[in-house]
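Some notes on the structure that comes next.
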Amino acid sequence: MSEHDRADIGIWRLAGNTPQRYMPDVLQYEKYLEDWIERDPTLISAEMQIVGRQVSLDTGFLDLLAIDNLGRWAVIELKKRDVRRDTVAQAFDYAGCLAEMSSNELKSLVIQCLEKRSLKLQPFLKGLALDDSIFDHPEILIYVVGTSRDINLDRMLKHTTFQGKPIQVVTFDVYKNSDGEHVLLRQLTESQPTSSPPVSSSTSPSKKVSQDEKPITQDAKLTRLLDVAKKNGIGREFKKVYDLATKFGLYPKTYKWSIMYAPPQNKNRVLICAWVNPKDGLFDVYINTDAFAEFYAISQRKARQIADKPLRYYLDTDQTEEFIEIVQNLFDEITRNS
């Protein structure tokens, strides 16, 4: 974030009847960022858990490797001061290295990382409601982190994705009030690729798409998922979640076996996810209340009170109605606070 950007931000601490303003401050905290994110990955994403730090890969040492509650891997590359083009390029190398690993290679790497943190693989996965399938065809998100961003970065990111997903850019600033109290301000933005074919790990810029190869539309993907859910006996439940989520403006991001509902401001952040394949005959759905608190006018405490906590549910028909009521209550509270 530039000094001009910083000047447009106003932050005050409410102390009695006299607000105290926080002003931009220069604090040499860059060296602490990796420690802070390792201890509290919500600095990057509410649903993220750190797997390893300074992870040894063929292309070098990845600053932080993480995973979220949907089993998506996160490559987190930190840069002192400006996030530049070379920061993104380095993150691409790490992400590409992970994507090319076999299931056994990736699993062995994760076991080694967790052992350094005195953690065991299966309890770690169980705590996230995940299983060994996360090592097959890994889905990877890229986060590049710094204290500012290079002015030329956005131009590059307009033409850059990884596995079809935009790059997440995270920057931090420090502010201080007259009492010497500091606050850390985070700005998280995702790249907005143009409609032209992106430069990605799976598509070479020089490869031309045949005129006979028509991309599958979002409507076709949605229709397929609804049909699969219906065949699996959870069509009504799956459609009810879709109708309610889209009613409140959530973005339905389709995957092979699920729909992830994201805030329109950031289409890689998960608020709700529903799967078309039931587990033991029950509808499989996940809600992230902490992420709701990040993007909407609701406190984390209140969101957790309404929906218990970030949780994965396995529901029968009656319990699905209760889940629908939870989502409705969240948005009712958001409306009251807006």
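The values are calculated or read from the model by the stated rules, or taken from the named source; none is laboratory data. Here the structure is a predicted model, which is why all the values come from computation and not from measurement. With ideal geometry, Cβ positions are generated from the backbone for all residues, glycine too; neighbour counts draw on all protein chains shown.
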Practice problem: Quick one: K126 ticks every box in (1) more than 24 Å from D35 (Cα to Cα); (2) touching a residue at least 12 places away in the same chain (Cβ under 8 Å) except a single one, so which number is it? | Solution: (2)
Quiz item: Do we find a residue being surrounded by fewer than 14 Cβ atoms within 10 Å (Cβ to Cβ) and charged (D, E, K, R) anywhere in the stretch 140-152?
Solution: no
Quiz prompt | Residue tally, condition touching a residue at least 60 places away in the same chain (Cβ under 8 Å) and among the β-branched types (V, I, T), over the stretch 100-123 | solution = 0
Quiz item: So which residues in the stretch 277-290 are over 9 Å from I234 (Cβ atoms) and not in a loop (DSSP other than H, G, I, E, B), if there are any at all?
Solution: K279, V285, Y286, I287, T289, D290
Self-check item: Of all residues making up the stretch 59-73, the number that are of a type in the set (V, I, T) and either within 19 Å of D131 (Cβ to Cβ) or crowded, with 23+ Cβ neighbours inside 10 Å (or both)
Solution: 1
Quiz item: Which residues, taken from the stretch 240-253, are assigned to a helix (DSSP H, G or I) and surrounded by 15 or more Cβ atoms within 10 Å (Cβ to Cβ)?
Solution: K240, V241, Y242, L244, A245
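Conditions (1) among the aliphatic types (A, V, I, L, M); (2) over 16 Å from the mean Cα position of the chain (by Cα), marked per residue:
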{"residue": "D25", "(1), (2)": "no, yes"}
{"residue": "R53", "(1), (2)": "no, yes"}
{"residue": "G60", "(1), (2)": "no, yes"}
{"residue": "G71", "(1), (2)": "no, no"}
{"residue": "R81", "(1), (2)": "no, yes"}
{"residue": "A99", "(1), (2)": "yes, yes"}
Quiz item: How about the stretch 289-299: which of its residues are at pLDDT 90 or above and either more than 15 Å from T335 (Cα to Cα) or loosely packed, with under 15 Cβ neighbours inside 10 Å (or both)?
Solution: A297, S299
Self-check item: Among residues of the stretch 54-67, those that are in a strand (DSSP E or B) and in contact (Cβ under 8 Å) with a residue 24 or more places away in the chain, counted
Solution: 9
Exercise. Give A274, A297, A293 a once-over and let me know the one that is assigned by TED's automatic domain parsing to the domain that holds L226, of a type in the set (A, V, I, L, M) and in a helix (DSSP H, G or I).
Key: A293
